[in-house]
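Asks: My structure is below; once you've seen it, I'll send some questions.
The values are calculated or read from the model by the stated rules, or taken from the named source; none is laboratory data. Computed from a predicted structure; not experimentally measured. Using ideal geometry, Cβ is built from the backbone for each residue, glycine included, and neighbour counts are taken over all protein chains shown. Only protein heavy atoms, including side chains, enter the accessible area calculation; ligands, DNA and RNA are left aside. Shrake-Rupley method; radii C 1.70, N 1.55, O 1.52, S 1.80 Å.
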Amino acid sequence: ALPPLLVPTLAIELAPPAVAGIAYFAITGGRADLVEHALAGYAALMVIVQVRMLPRFTRLKFAASFWAFTFSWAATCSYALEWIALRRPAGAAGYAGVILAAISGFIGYIAARTAVLAARGQLRRPRPAPEQVNPVSTPNGGADPAVRLTHARN
C-alpha cells in the first residue's frame, strides 16, 4: 500500500488520456474520429476510477501532495470543454460554466488549504537537528566530524 502522503498521486492516472485527447484535437484541427473517441472513453473510465477512489481520498489528512489532483482534473476539465466546444450540445454555455466554476473552486480550495499549512509551518518536513558535539569531550576540541573520526581511529 502507498504511504498516505503518496495516495493523492494516484490522481495522475487521470491525466494521460485527457492530455492525449487535447493534443490529438490540436493535431487534427478538432476532428472527432475513432482515436479521439477512444481517448474520450479512456478518460471517462479514469474519471470513474477516480470517483470510486473518493472515499479513500476523503479520509486522508490534507498535505501538499494534494496538488497532484490539480493538474489531472484541470486537464480533464479542459478536455471536457474541448468536447463541449466541438459538439455544442443544448446548454453548452451552462455546462462550460459549471466545469470552470468547479475546477476553479477545487484548485482554490487546495491553494487555501496549502496556505493554511504554510502559515502553521506544517508545509515542509522539519529538518533534523544538527548533531550536537561537546567540544570539551572531543580530542580535537570540536573540529569538523572528519577530523574527529580520524582522531577516534588513532
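Asks: If Rh is defined by the Kirkwood formula over all Cα pairs and Rg also comes from Cα, what ratio Rg/Rh do you get for the range 1-127? Each step should come with its number before you reach the end.
Replies: On the way: Rg = 16.6 Å, Rh = 16.0 Å.
Rg divided by Rh gives 1.04.
Asks: Turning to a different aspect of this structure: Report the extension gain between Ile12 and Asp33 in nm, rounded to one decimal, defined as 0.36 nm multiplied by the number of residues separating them, less their alpha carbon distance.
Replies: The Ile12-Asp33 span can extend by a further 5.0 nm.
Asks: Give the shape of the range 17-71 as rounded, prolate or oblate, defined through the alpha-carbon gyration tensor: a ≥ b ≥ c are the square roots of its eigenvalues, a/c under 1.5 means rounded, and otherwise the shape is prolate if a/b is larger than b/c and oblate if not. All intermediate terms of the calculation are to be shown ahead of the outcome.
Replies: Values: a/c = 6.31, a/b = 2.19, b/c = 2.89.
Oblate is the answer for the range 17-71, as a/c is 1.5 or above yet b/c matches or exceeds a/b.
Asks: Kindly write out, for the range 29-34 in residue order, the coupling ³J(HN,Hα) from the Karplus curve 6.51 cos²θ - 1.76 cosθ + 1.60 (θ = phi - 60°), rounded to whole Hz, with x marking Gly and Pro.
Replies: Once θ is set to phi - 60°, the couplings for the range 29-34 become x, x, 8, 9, 10, 4 Hz.
Asks: In the range 1-110, which trypsin sites (Lys or Arg not before Pro) are in a loop and have at most 10 other Cβ atoms within 10 Å, using DSSP for the loop call? Spell out each step's value before the answer.
Replies: Working: sites: Arg31, Arg52, Arg56, Arg59, Lys61, Arg87; in loops: Arg31, Arg59, Lys61.
For trypsin sites (Lys or Arg not before Pro) across the range 1-110 that sit outside H, G, I, E and B with at most 10 neighbouring Cβ atoms in 10 Å, the list reads Arg59, Lys61.
Asks: Over the range 1-94, average the accessible area per residue using a 1.4 Å probe and give it in Å², no decimals.
Replies: 56
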